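Just so it is clear, none of the values below were taken in a lab; they were calculated from the coordinates. Please read these numbers as outputs of a predicted model, since none were measured by experiment. No Cβ is skipped: glycine too gets one built from the backbone with ideal geometry, and neighbour counts run over all protein chains shown.
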Amino acid sequence: MIRSMTGFGSAKGVCGKMEVSVELKSLNNRYLDCSVKLSRVFSSLEEPLKAIISKHISRGKVDAYIVIDTSNSDDIDIKINRPLAKAYVTALKTMAEENDLTCSINVTDLTRFPDVLQAEKREIDSEQLCADISGILEEALSGFNNMRLREGEKLKRDITARLAEIERLTAVAEEISPRSVVEYRKKLEARMNEILQTSNIDEARILTEAGIFADRIAINEETVRLRSHIAQLRELLDSREPVGRKIDFLVQEFNREANTIGSKGNDVEMSRTIVDLKAEIEKIREQAQNIE
């Protein structure tokens, strides 16, 4: 099954008390260009998550957007700066004694002093978090790949139909080529009759000239190769491996054979056939740009 390079997938899940959402988007690209977008706090997870994506995708520009909501998380610890708190209490008592004042200190008053209470973020187990996010990412990748497979099936149907048309046009070219030799011979005889003003024309000379012309415009080798390319492309369309680059190369070979056939043809009907043939090849080339 061929896959398109364009796709979208998303998934949501919970890691501990953190909510995680994943979105995957991809566009055409000659090679794999993968980027994982995470907040800077979790930037250490980018490479391992990118490695997971790379196992599923071989070509295309892929952007993975991963949002981790920590608003409901209980990963904050409040710590008491005991030495500082004691120092504040001692200072307050000293001030009260020196100024003959009463000293009534409660906890609420003490917490108002700077740095008595300190909020610290509890260290996150990065490996466990990465493992949890990986499960959500795999779910998003499943939907992402299913979409690419559906798009790939459409591409396959379109290319298969165009291959059938190329095959038909190849047969038309094979049929036109011998007729060109017959027409050339008739024109040659008519011209020689006109020049020599006689019906006593050397038949052997006519046959020789017609034979040389036939060799020059023969397209058998090109059409045989073209049919071979058609068969190869059909096999690639049924492959389970990424075949986009191979199809790119094969389409170049299609064009090479079509150009050679066109250069050999000196017939209006042949020229029209080659124009139609090359148009179908170009449409396949455009579709191949979307295949992984």
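Distant-in-sequence amide contacts of I291, defined by a placed amide H-H separation under 5 Å and a gap of 5 or more residues or a different chain, comprise M5.
Full extension from E98 to E221: what is 0.36 nm times the residue separation minus their Cα-Cα distance, to one decimal in nm?
Extra length from E98 to E221 when fully extended: 33.0 nm.
Checking the cross-link pairs K61/K283; K25/K283; K12/K246; K61/K278; K61/K264 against a 32 Å limit on the alpha carbon distance flags K12/K246; K61/K264 as lying beyond it. For a label point 7 angstrom out from the Cα of S58 toward its Cβ, which stretches of the range 261-292 have the backbone nitrogen within less than 17 Å? So the set is 288-292. Applying the Karplus relation 6.51 cos²θ - 1.76 cosθ + 1.60 with θ = phi - 60° to the range 276-292 yields 3J(HN,Hα) values of 5, 4, 5, 5, 5, 4, 5, 5, 5, 4, 5, 5, 5, 5, 9, 9, 5 Hz, where x marks Gly and Pro. Computed packing ranks the peptides 26-37, 138-149 as 138-149, 26-37, most packed first, by mean other Cβ atoms within 10 Å. Footprinting exposure proxy ranking of D63, D100, fewest other C-beta atoms within 10 angstrom first, gives D100, D63.
Close amide H pairs (under 5 Å, H built 1.01 Å from N) link C15 with V20, residues at least 5 positions away or on another chain.
Across the range 95-104, rounded Karplus estimates of 3J(HN,Hα) from the backbone phi angles (6.51 cos²θ - 1.76 cosθ + 1.60, θ = phi - 60°) give 4, 5, 5, 5, 10, 6, 10, 7, 10, 10 Hz, Gly and Pro being marked x. Annotation for S271 and E19: the two label points, set 7 Å from Cα along the Cα-Cβ direction, are 6.8 nm apart. Peptides 12-25, 103-116 ranked from most to least packed give 12-25, 103-116, packing being the mean of other C-beta atoms within 10 angstrom over each peptide's residues. The string of couplings for the range 127-142 from the Karplus curve (6.51, -1.76, 1.60, θ = phi - 60°) is 5, 5, 4, 4, 5, 5, 5, 4, x, 5, 4, 4, 5, 5, 5, 4 Hz, one whole number per residue in order, with x for Gly and Pro. Between E253 and V116, the modelled label-to-label distance comes to 8.2 nm, taking each label 7 Å out from Cα in the direction of the beta carbon. Candidate cross-link partners of K93 among the lysines, defined by an alpha-carbon separation under 28 Å and a same-chain spacing of 8 or more, comprise K79. Spin-label model, E167 to E139: label points 7 Å out along the Cα-to-beta-carbon direction sit 4.5 nm apart.
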